[in-house]
Amino acid sequence: MALLFFGTDPNSGGGNCPAVWVDTDTAQGPELVLQGKFADAATRATCSQDSPPADDEGVVRIPVSMVEQIRRACDAAEAAGTQL
């Protein structure tokens, strides 16, 4: 596994959750890895109406303050994908 760290929420106060990485070493190509707070039951239920999660999936909340780090991670994942 080759995880490239892109950052944490600048508003977290502790330099921890939420966070974003890119895994460049998967058979399917680069993937984003996101750490966040688990969504509450009402949010999970509403999301399940559009896209029911599989047994190994979950719904997490990522604040908008993470957009810059996620954008950088997306750009890196795209660039890595073209190199595979």
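Taking Cα atoms, how many degrees apart are the long axis of helix 67-82 and the longest axis of the chain, rounded to 10 and kept between 0 and 90?
The two axes meet at around 50 degrees.
Using only Cα atoms, find the angle between the long axis of helix 41-50 and the longest principal axis of the chain, and express it within 0 to 90 degrees, rounded to the nearest 10.
Here the helix axis deviates by roughly 70 degrees.
In debye, nearest 20, what is the charge dipole magnitude of segment 35-74 about its Cα centre with +1 on Lys and Arg Cβ and -1 on Asp and Glu Cβ, if you could check?
Numbers: 5 positive and 6 negative charges, 55 e Å.
Approximately 260 debye in magnitude.
Full extension from Asn16 to Ser51: what is 0.36 nm times the residue separation minus their Cα-Cα distance, to one decimal in nm?
Length gained between Asn16 and Ser51: 9.8 nm.
Using amide H atoms built in the peptide plane, which far-off residues or other-chain residues are under 5 Å from Val33 H to H?
Trp21, Val22, Asp23
Which whole-number value in Å² is the accessible area per residue of the chain, probe 1.4 Å? Mind showing how you got there, number by number?
Numbers: 5780 Å² over 84 residues.
About 69 Å² of surface per residue is accessible.
Provide the FRET efficiency to the nearest 0.05 for the Ala42-Val67 pair, computing r from the beta carbons and using R0 = 22 Å.
On the way: r = 24 Å, r/R0 = 1.09.
Once rounded, the FRET efficiency stands at 0.35.
What is the ratio of the Cα radius of gyration of the chain to 2.2 N^0.38 Å, where N is its residue count, to two decimals?
1.19
Given the rule -39500 (n - 2.57) for each run of at least 4 DSSP H residues, summed and divided by the residues of the chain, what is its mean residue ellipticity at 222 nm, to the nearest 500 deg cm²/dmol?
-10000 deg cm²/dmol
The values are calculated or read from the model by the stated rules, or taken from the named source; none is laboratory data. Model, not experiment: these values are computed from the prediction. Glycine also receives a Cβ, built like all others from the backbone with ideal geometry; neighbour counts cover every protein chain displayed. All accessible areas refer to the heavy atoms of the entire protein, side chains included, with ligands and DNA or RNA removed. Shrake-Rupley method; radii C 1.70, N 1.55, O 1.52, S 1.80 Å.
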